[in-house]
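Peer 1: The following block contains the structure, expressed as structure tokens.
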Amino acid sequence: MTANNQRTEAVYIHIPFCTNKCFYCDFNSYVLKDQPVMDYLRALDKEMELTVQANPPGRIKSIFVGGGTPTVLKPNEMEYFLQSVKRHFPEWSDRIEFSMEANPGTTDLEKLSVMREGGVNRISFGVQAFQNSLLTGIGRIHDTDDVYRSLENARAAGFDNMSIDLMFGLPNQTLDMLAESVDKALELGLPHYSIYSLKVEENTLFHTMYQRNQLPLPDEEDELNMYLLLMERMKAAGYKQYEISNFAKPGFESRHNMTYWRNEDYYGLGAGAHGYVGRQRHVNIKGVNPYNEAANQGLPRLESFEVSREEAMEDFLMVGLRVLDGVSRSRFRQQFGTSMEEVFAGPLNKMVGAGLLDSTDDGYKLSSKGILFGNDVFAEFIGSLSAN
Ligand code: SF4
């Protein structure tokens with residue numbers, strides 16, 4: 001149950017396999033070759049069964065299948081997986097948002113049709129850039145032809161709700177290249193786009209290259225100019241920036257991601273998945289074989305811990321402010337029985353004073369300057385209560 005005594009209504013399912021490892025990727029994903037995929041799907045089936053037994057769901061409103069690359073599953077594996085989801089969350093229908101991440105290099109019409117017939121109604125394609133040289137340079141397996149072919153196949157399979165991810169701040173990426181990628185993405189006329197900046201994470205090839213001074217990244221000013229450019233182009237094309245990295249036509253905001261940003265409960269299923277149910281967070285066992293073994297014996301947890309009231313309040317601000325409409329004073333009071341200003345007087349005043357937050361009728365939101373320096377704002381709230 002949530003803090004509001006609601007049952008869980010969102011489901012995240014992790015498929016941890018990829019054809020290859022991208023150079024920047026620190027997600028829990030493993031190169032597909034020789035992996036026990038069917039064993040994994042059976043273990044997932046078991047985890048779903050145990051999860052809904054332990055915490056029965058409410059009226060499910062979103063399912064998100066991420067990875068890894070869910071579309072590396074073969075059509076028969078995909079069919080098995082989607083039937084398994086349907087068995088454990090039988091209420092779903094086209095009224096819910098059922099998203100799946102897809103790699104343009106691993107989809108064809110047959111697989112996309114299996115996905116659509118199996119209930120998936122939203123696809124998020126990892127496109128990243130429209131220059132093959134950049135794609136090769138970050139270790140992606142697809143090229144731009146794959147992007148066009150995948151989208152055409154997805155439309156033929158019956159998908160109209162699609163999103164693509166782009167990246168900026170890539171090695172050797174110029175402002176003009178980013179502009180070209182954004183324009184080509186917009187030409188596709190999709191209802192949703194996510195545009196992320198590259199983060200060099202530890203335990204990635206890029207991190208090693210960075211430490212050896214071998215990663216030609218744009219400098220901070222270039223990266224800021226890239227962000228300004230993409231925001232301007234998205235706005236000019238009629239998309240609302242509803243979150244730091246997300247742009248949508250009205251009604252196409254990602255319902256599932258809003259669950260995270262509103263700090264609501266979600267099941268997290270699969271190897272390395274995180275979940276949040278009834279103020280308990282958990283992280284699942286990461287490796288595929290250890291996960292498979294554990295899921296056959298019980299819930300495959302690596303760790304579970306209770307989120308304190310203080311941490312829940314910090315999270316409310318920290319993740320809630322990512323949404324550009326901001327955080328609601330009345331929702332905070334409803335959830336925690338106290339006033340946001342009383343609890344966070346220091347950080348709120350500091351951020352408003354610095355021109356990074358604006359007050360709204362019912363709370364606070366990032367100012368136009370705050371959107372550019374969101375991480376500085378979020379950092380103000382981390383540990384501001386729980387570290388005391
Ligand atoms: S496809 Fe996605 S999950 Fe897989 S290696 Fe690349 S970035 Fe990571």
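Peer 1: Among the residues of the range 113-142, write down those that are part of a helix (DSSP H, G or I) and within 22 Å of the chain's Cα centre (by Cα).
Peer 2: Result: 115, 116, 135.
Peer 1: Of these, 105, 58, which one is within 16 Å of the ligand (Cβ to nearest atom) and at pLDDT below 95?
Peer 2: The match here is 105.
Peer 1: May I ask you to list pairs of residues, at least six apart or on different chains, whose Cβ atoms are under 6 Å apart, with the first in the range 361-378 being free of Cβ contacts under 8 Å to residues at least 60 places away in the same chain and crowded, with 22+ Cβ neighbours inside 10 Å and the second being of a type in the set (Asp, Glu) and assigned to a loop (DSSP other than H, G, I, E, B)?
Peer 2: Taking only residues 6 or more apart or on different chains, not a single pair turns up.
Peer 1: Being among the hydroxyl-bearing types (Ser, Thr, Tyr) and either within 24 Å of the chain's Cα centre (by Cα) or outside any helix (DSSP H, G or I) (or both) is the filter here; which residues of the range 319-373 pass it?
Peer 2: Within the range 319-373, 328, 338, 339, 359, 360, 364, 367, 368 qualify.
Peer 1: Further, regarding this structure: Using beta carbons and a limit of 9 Å, which pairs, at least six apart or on different chains, have the first residue in the range 67-79 and within 9 Å of the ligand (Cβ to nearest atom) and the second one among the charged types (D, E, K, R)?
Peer 2: 67/101; 68/101; 69/101
Peer 1: Among (1) assigned to a helix (DSSP H, G or I); (2) surrounded by fewer than 22 Cβ atoms within 10 Å (Cβ to Cβ), there is one condition residue 160 misses while meeting the rest; what is its number?
Peer 2: (1)
Peer 1: If we scan the range 2-13, do we find a residue that is on the phi < 0 side of the Ramachandran plot, of a type in the set (A, V, I, L, M, F, W, C) and near the ligand (Cβ under 10 Å from one of its atoms)?
Peer 2: no
Peer 1: Can I ask one more? For residue 98, state whether it is of a type in the set (Phe, Trp, Tyr), surrounded by 16 or more Cβ atoms within 10 Å (Cβ to Cβ), part of a strand (DSSP E or B) and within 16 Å of the ligand (Cβ to nearest atom).
Peer 2: no
Peer 1: Among (1) among the aliphatic types (A, V, I, L, M); (2) touching a His at 6+ places or on another chain (Cβ under 7 Å); (3) under 15 Å from residue 13 (Cβ atoms), there is one condition residue 248 misses while meeting the rest; what is its number?
Peer 2: Every condition holds for residue 248 apart from (3).
The values are calculated or read from the model by the stated rules, or taken from the named source; none is laboratory data. None of the values given here were measured: they were computed from a predicted structure. Please note: Cβ atoms are built from the backbone with ideal geometry, for glycine as well, and neighbour counts cover all protein chains shown.
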